[in-house]
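All remarks here apply to the structure that follows.
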Amino acid sequence: MQNKKPKSAVEVTENRPMKFISERIGFEQSEEGLTIRIKASKPGDIQKLNIMKVWIVAWSASGLLIGSALFLDYPSDLKIYLAVFLAFWAYFLVKITRAYYFRKYGIETLYLNGDQCMLRRDVHGRSGKPYFFRIKEKNAFRWLNKQQKGAWFYDSFWVDSGGNCGFGKPGAEYRFGLQLEETEGKALVKMLNKELKITA
């Protein structure tokens, strides 16, 4: 039997009956609570994804080429240097590959029921590990603007952690919503706080 090509994050969410805040943010309201699904990328990000793919191929080829030098007749101190370099090479290869797959096939899922919150990252339609929190009014959901600590890091397309929305103690927030635009991010925060019956 021929294996089917995995669906992208866009295809996965579009096949579900949802209402949308934006092209990346969909939501379902039920008696059980509010479910939010945030696509890790939008259709217009295809060029960025292609650049990431080219970078992964080039980085992989360079590492294999340099790694082959370990089997040649070079001084031992040079081989130690190459081994250290390859350790960093492998680390960044894993990081960027994970970022690529999450950006292409990933969805951030957020479930809110009363003050109970669940965050999860799904890839290829497979549910990730859920994290459960209790939301307090003084640490309600909020938009994390670009002036806040670490905002420049989370605004990079090459990063698959963090986000532009969050909750918790200022400076140590639990973040979600990778690279959301300000208008859609603030609309999402408003919806979440409304669900909590918190007036922003």
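For the chain, what ratio Rg/Rh do Cα atoms give with a Kirkwood hydrodynamic radius?
Using Cα coordinates only, the ratio equals 1.08.
If the only charges are +1 at each Lys and Arg Cβ and -1 at each Asp and Glu Cβ, what is the size of the charge dipole of the chain around the Cα centre, to the nearest 20 debye?
About 220 debye.
What number, in percent, do you get for the relative contact order of the chain if the mean sequence gap of Cα pairs under 8 Å and at least 6 apart is divided by its residue count?
RCO, the chain: 19 percent.
Among 105, 91, 100, which comes first, second and so on when ranked by fewest other beta-carbon atoms within 10 Å?
Ordered by Cβ neighbours within 10 Å, fewest first: 91, 100, 105.
What does the charge add up to near residue 184, with Lys and Arg as +1, Asp and Glu as -1, over the other residues with Cβ less than 12 Å from its Cβ?
With Lys, Arg at +1 and Asp, Glu at -1, the neighbours total +2.
Could you give each residue of segment 116-128 its phi-based ³J(HN,Hα) in whole Hz, using Karplus coefficients 6.51, -1.76, 1.60 with θ = phi - 60°, and x for Gly or Pro?
For segment 116-128, the Karplus-derived couplings read 8, 10, 10, 10, 7, 10, 10, 9, 6, x, 9, 5, x Hz, x marking Gly and Pro.
Under the rule that an exposed site lies in a DSSP loop and has at most 15 other Cβ atoms within 10 Å, name the longest stretch of the chain with no GluC sites (Glu not before Pro) of that kind, not counting the sites themselves.
Between the exposed loop sites, the longest stretch runs 33-180.
Toward the positive end of the charge dipole of the chain, about the Cα centre and with charges on Cβ (Lys, Arg +1; Asp, Glu -1), which of 143, 158, 192 goes farthest?
192
Once phi is turned into ³J(HN,Hα) by the Karplus curve 6.51 cos²θ - 1.76 cosθ + 1.60 with θ = phi - 60°, what whole-Hz value does each residue of segment 93-99 show in order, with x for glycine and proline?
Each residue's phi maps through the Karplus curve to give 5, 5, 4, 6, 5, 4, 4 Hz.
In sequence order, what are the phi-derived ³J(HN,Hα) couplings for segment 58-63 according to the Karplus relation 6.51 cos²θ - 1.76 cosθ + 1.60 with θ = phi - 60°, rounded to whole Hz, with x for glycine and proline?
3J(HN,Hα) across segment 58-63, in whole Hz: 5, 5, 5, 5, 5, x.
Can you tell which of 54, 189, 123 shows the greatest fluctuation in a Gaussian network model of the chain with Cα springs below 10 Å?
Of 54, 189, 123, the most mobile in the Gaussian network model is 54.
Just so you know, all these numbers are worked out from the coordinates, no wet-lab data involved. Being a predicted model, the structure only gives us computed values, none of them experimental. Reconstructed Cβ throughout: ideal geometry from the backbone, glycine too, with neighbour counts over all protein chains shown.
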